[in-house]
Amino acid sequence: MPNSALHRSPELRRQYDALPLFGDPDDAAAAEIVIAYHAAVRYVDAQVGLVLQGLEASGAAENTLIVMLGDHGFLLGDQRLWTKHALF
């Protein structure tokens, strides 16, 4: 992989202090990051479910268009990268 495709995952190193400033996380820290990411995704999924249930209960589901937008997710260790902003 070319060096231009790599980055230091600054979001988790500087903004959230979840990765060591230099190097890779140990296995326990890596597992904690992955678990936290999946918990966040599950939480959002549950909230979407509540919105859908509310629409069904109100009778508005058949007349409602739902549009969801999102950016790409974190790499979570793939290619030794943890956050987004990858060139692949």
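The values are calculated or read from the model by the stated rules, or taken from the named source; none is laboratory data. Because the structure is a prediction, the values reported are computed rather than measured. Reconstructed Cβ throughout: ideal geometry from the backbone, glycine too, with neighbour counts over all protein chains shown. What goes into the accessible areas is simple: the full protein's heavy atoms, side chains included, and nothing from ligands, DNA or RNA. Shrake-Rupley method; radii C 1.70, N 1.55, O 1.52, S 1.80 Å.
What to note about this one:
- Surface exposure of the chain, expressed per residue as accessible area with a 1.4 Å probe, stands at 77 Å².
- Of all the options VAL34, VAL44, VAL67, the one that moves most in a Gaussian network model of the chain with Cα springs shorter than 10 angstrom is VAL67.
- Rough spin-label spacing in nm, given labels placed 7 Å along Cα→Cβ, for ASP78 and ALA28: 2.8
- Over the chain, dividing the summed -39,500 (n - 2.57) contributions of all DSSP H runs of at least 4 residues by the number of residues returns a 222 nm mean residue ellipticity of -13000 deg cm²/dmol.
- Viscosity 1.306 mPa s, temperature 10 °C, Stokes-Einstein D of the chain from Kirkwood C-alpha radius, µm²/s: 102
- Sulfur and carbon atoms: percent of accessible area, the chain [1.4 Å]: 58
- Computed over the chain with a Gaussian network model linking Cα atoms closer than 10 Å, the most mobile of LEU55, LEU75, LEU19 is LEU55.
- With 0.36 nm allotted per residue and the present C-alpha distance subtracted, the MET68-GLU11 stretch has 18.1 nm of extension available.
- Computed from Cα atoms, the angle from the helix 27-58 axis to the main principal axis of the chain rounds to 10 degrees.
- Inter-label distance, nm, simple model (7 Å from Cα along the C-beta direction), TYR43/ALA60: 2.5
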